[in-house]
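Novice: This structure is in structure tokens; I'll ask about it shortly.
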Amino acid sequence: MSAFLSPAIRANGCLKRTMYLDFFVLQEKPFSLTPDPRFLFLSDSHRQALDHMVYGIQEREGFILVAGDIGTGKTTICRELLERLDDNVATALILNPLLSEQELLEAIVEDFALGKQPAAAAGNAGEKSSRKLFDSLDEETQNALELNPLMPGERVLRNILDKVQQPSSAGRLTKKELIDRLNRFLLELVEQGGNAVLIIDEAQNLSPEVLEQVRILSNLETTKQKLLQIVLVGQLELKHKLESPALRQLNQRITIRYQLNPLTFEETKRYIEHRLFVAGSNSSVTFDEGAYEQIFDYSRGVPRLVNLICERCLLAGFVDQVRRLDADMVLRCRESLEGNIEPRPRPQIPDQPEPGAPVEQRNEERMVELPAEKRPEQAVDQPWERKQRGFFSGAWRTVAITLMVVITIAAASMLTWKIATRGPVSARQAATQTSRPEAGQTRQVAAPVEIPAVRLAFSLQLGAFRNIEDALEQARLFGEQGLERELYVVPLHVAQLGGRWYRLFYGGFPSNDAVRAELDRLVERGLLRQGSARVVETSLAYNLGDFGDMASAKKKGGEYMRSWRIPSYVMMLHKDEQGETWRLYAGAFENRDQAAFLGDRIEEAGLSKSLVERLGYWPLH
């Protein structure tokens with residue numbers, strides 16, 4: 001890193017964090033390595049992991065296993081799960097698995113806030129125990145203990161027992177007492193309609209004996225349901241450990257299993273944009289496409305590595321006083337993180353150690369001959385592991401990256417040319433032959449990377465209707481209340497619910513926090529009842545064209561509605577001194593399967609069928 005720090009900053013010895021944040025107009029660090037649930041980005045894999053965990057807890061399935069590679073966000077998922085559980089669910093989260101069986105039980109009891117036996121009660125119990133033991137002694141022994149008339153013999157005996165740390169007098173509960181206390185608490189909780197969840201993070205570090213103790217806890221049950229739901233979260237090695245013969249009973253009891261996967265390339269881009277937005281950025285810092293590719297190549301989609309390289313890139317951008325970070329800067333940061341040390345040559349293994357060789361040399365040679373530690377097949381190669389292989393390091397990596405950048409630029413140019421020759425874009429080109437677009441005319445839009453739009457992935461679902469007329473009428477009624485965002489109807493085919501439905505949405509919003517804040521505001525205004533609307537991540541929509549003003553976009557949407565009954569809505573995509581850009585969208589979907597029904601209707605109408613991520617202008621307030 002010091003290679004590209006300015007001399008003044010190197011001389012100063014440190015970088016002021018306030019300077020770093022002020023330069024990029026950020027409220028806090030966007031790429032901190034701490035598991036803050038506010039920055040949680042739900043990829044498809046993370047969302048499914050949460051759904052599996054919530055389902056298993058609600059249905060009282062007993063054992064749940066979630067495994068994932070290093071740095072994929074397992075601890076963050078655990079903390080988000082705690083936020084999502086109802087108030088009637090008691091939780092215990094164990095973050096340090098390097099415990100004995102006794103210590104694990106004590107940690108569980110403490111985390112459930114059951115506490116210990118009161119000191120006065122413990123003292124009374126100790127006195128009763130020592131008195132009973134004293135009375136059982138013969139008279140000669142009792143006389144021997146009565147050495148001091150100011151200290152009764154049973155007290156002398158109790159003090160002796162305290163010194164040797166007998167469990168009954170030292171105040172530490174036995175395993176049986178801990179389990180009994182936990183069982184009473186769980187039974188009382190069930191009688192009150194509650195539930196209890198034990199979450200153990202880094203569970204791959206649990207010893208077989210402690211895992212067996214965890215299995216025994218699953219025996220706390222009634223004739224109808226499990227009293228304790230246990231979630232084991234750990235690295236991929238946990239799956240292999242549970243397959244050992246000694247843990248067959250535990251492995252058989254796990255009813256729900258899920259493997260957390262790294263982010264895809266597109267999810268990595270959205271992940272970076274999401275964290276920047278939560279930290280307060282409003283396009284004050286951006287990465288170009290080449291930078292995203294380099295970040296993904298370094299991280300392989302592992303969130304922790306994405307945070308690491310992006311944090312270093314922001315620091316480099318601050319030093320160079322640039323707010324647009326490119327591939328070259330990411331490469332420099334990679335070199336800083338990986339180091340420029342070439343791998344050392346592998347030591348030659350002699351056929352036989354010389355008899356007179358020192359013991360240290362023999363041990364070193366014997367260690368070289370041992371096979372590498374077995375690792376899960378799904379594990380992601382870490383950057384330093386890839387560097388040790390040597391092929392894509394040094395000159396080879398530079399050649400490969402240069403070739404990839406050239407291919408990407410050529411592909412992007414070809415894609416831009418194809419888009420420019422299709423229907424909606426041709427109309428925009430015809431409308432922009434004048435110096436400035438008039439009202440009602442479409443305007444040529446700059447390349448997507450030039451548009452300061454954000455991903456508006458979240459919406460409020462206000463209702464679902466069996467016919468479009470009811471949905472549109474409800475949208476009209478809501479629209480009369482002076483709402484700030486768009487109201488839109490989305491047709492959906494759900495075979496399990498009897499066919500076609502029309503969902504009414506209000507949005508979109510760039511984050512879960514933003515949409516929930518708006519939901520609270522609508523409840524306070526009395527427009528919604530608590531619990532009558534739900535937050536949905538609807539990041540996909542069909543792009544029906546870009547326009548130079550809102551009126552033109554809405555007019556075209558009205559034509560599509562009258563001709564083909566395709567409901568649409570408009571969102572501002574870009575705003576600057578030269579004008580505005582509005583995009584006409586149709587639909588809002590959580591995944592591609594949901595979009596298929598409306599996509600078929602768009603295709604039947606002969607319109608351009610382009611499913612995209614929903615973007616929109618979100619001003620900084």
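Novice: Among the residues of the range 464-488, count how many are under 21 Å from Gly616 (Cα atoms) and in contact with a Phe, Trp or Tyr (Cβ under 9 Å, 6 or more places away or on another chain).
Specialist: First, the residues of the range 464-488 that are under 21 Å from Gly616 (Cα atoms): 475, 479, 482-488.
Among the residues that remain, those that are also in contact with a Phe, Trp or Tyr (Cβ under 9 Å, 6 or more places away or on another chain) are: 475, 483, 485-488.
Selection size over the range 464-488: 6.
Novice: So, one more: Identify the residue in the range 23-43 that is at pLDDT below 85 and not in a loop (DSSP other than H, G, I, E, B) and, among all such residues, is most open to solvent (accessible area, probe 1.4 Å).
Specialist: Among residues in the range 23-43 that are at pLDDT below 85 and not in a loop (DSSP other than H, G, I, E, B), the one most open to solvent (accessible area, probe 1.4 Å) is Arg38.
Novice: Determine which single condition Ser168 fails, assuming it passes every other condition in (1) of a type in the set (Ser, Thr, Tyr); (2) at pLDDT below 60; (3) open to solvent by less than 30 Å² (accessible area, probe 1.4 Å).
Specialist: (3)
Novice: A follow-up question, please. Only one of (1) over 19 Å from Ile57 (Cβ atoms); (2) in contact with a strand residue (DSSP E or B) (Cβ under 8 Å, 6 or more places away or on another chain) fails for Thr255. Which number is that?
Specialist: Evaluating Thr255 over (1) over 19 Å from Ile57 (Cβ atoms); (2) in contact with a strand residue (DSSP E or B) (Cβ under 8 Å, 6 or more places away or on another chain) leaves (1) as the failure.
Novice: For the range 583-621, what are the residues that are polar (S, T, N, Q) and open to solvent by 60 Å² or more (accessible area, probe 1.4 Å)?
Specialist: Matches in the range 583-621: Asn591 only.
Novice: Going by the structure shown, is Leu50 aliphatic (A, V, I, L, M), at pLDDT 85 or above, open to solvent by less than 50 Å² (accessible area, probe 1.4 Å) and in contact with a helix residue (DSSP H, G or I) (Cβ under 9 Å, 6 or more places away or on another chain)?
Specialist: It is true that Leu50 is aliphatic (A, V, I, L, M), at pLDDT 85 or above, open to solvent by less than 50 Å² (accessible area, probe 1.4 Å) and in contact with a helix residue (DSSP H, G or I) (Cβ under 9 Å, 6 or more places away or on another chain).
Novice: Examine the range 7-22 for a residue that is more than 12 Å from the chain's Cα centre (by Cα), within 26 Å of Leu540 (Cβ to Cβ) and either modelled with pLDDT of 85 or more or not in a helix (DSSP H, G or I) (or both), and state whether such a residue exists.
Specialist: no
Novice: Next question. Considering only strands (runs of 3 or more DSSP E) fully contained in the range 177-278, which possess at least 3 residues that are touching a residue at least 40 places away in the same chain (Cβ under 8 Å) and surrounded by fewer than 21 Cβ atoms within 10 Å (Cβ to Cβ)?
Specialist: Counting at least 3 such residues, we get 254-260.
Novice: Would you tally the residues in the range 512-535 being among the β-branched types (Val, Ile, Thr) and either buried (at least 19 other Cβ atoms within 10 Å of the Cβ) or in contact with a helix residue (DSSP H, G or I) (Cβ under 9 Å, 6 or more places away or on another chain) (or both)?
Specialist: Within the range 512-535, residues that are among the β-branched types (Val, Ile, Thr) and either buried (at least 19 other Cβ atoms within 10 Å of the Cβ) or in contact with a helix residue (DSSP H, G or I) (Cβ under 9 Å, 6 or more places away or on another chain) (or both) number 2.
Novice: Hey, can you tell me all the residues within the range 242-289 that are touching a Pro at 6+ places or on another chain (Cβ under 7 Å) and of a type in the set (Phe, Trp, Tyr)?
Specialist: Across the range 242-289, the qualifying residues are Tyr271, Phe277.
Novice: Among the residues of the range 56-64, is any under 30 Å from Thr174 (Cβ atoms), surrounded by fewer than 19 Cβ atoms within 10 Å (Cβ to Cβ) and either basic (Lys, Arg) or modelled with pLDDT of 90 or more (or both)?
Specialist: yes
Novice: Give the residues of the range 300-340 that are part of a loop (DSSP other than H, G, I, E, B) and among the acidic types (Asp, Glu), sorted by residue number.
Specialist: Asp326
Novice: Only one of these conditions is not met by Glu80: (1) at pLDDT below 90; (2) assigned to a loop (DSSP other than H, G, I, E, B). Which number is it?
Specialist: For Glu80, the failing item is (2).
The values are calculated or read from the model by the stated rules, or taken from the named source; none is laboratory data. If you're wondering where the values come from, they're calculated on a predicted model, not measured in any experiment. For neighbour counting, all protein chains shown are included, and Cβ atoms are generated from backbone atoms with ideal geometry for every residue, glycine included. Calculation scope for accessible area: heavy atoms of the full protein, side chains included, ligands and nucleic acids excluded. Shrake-Rupley method; radii C 1.70, N 1.55, O 1.52, S 1.80 Å.
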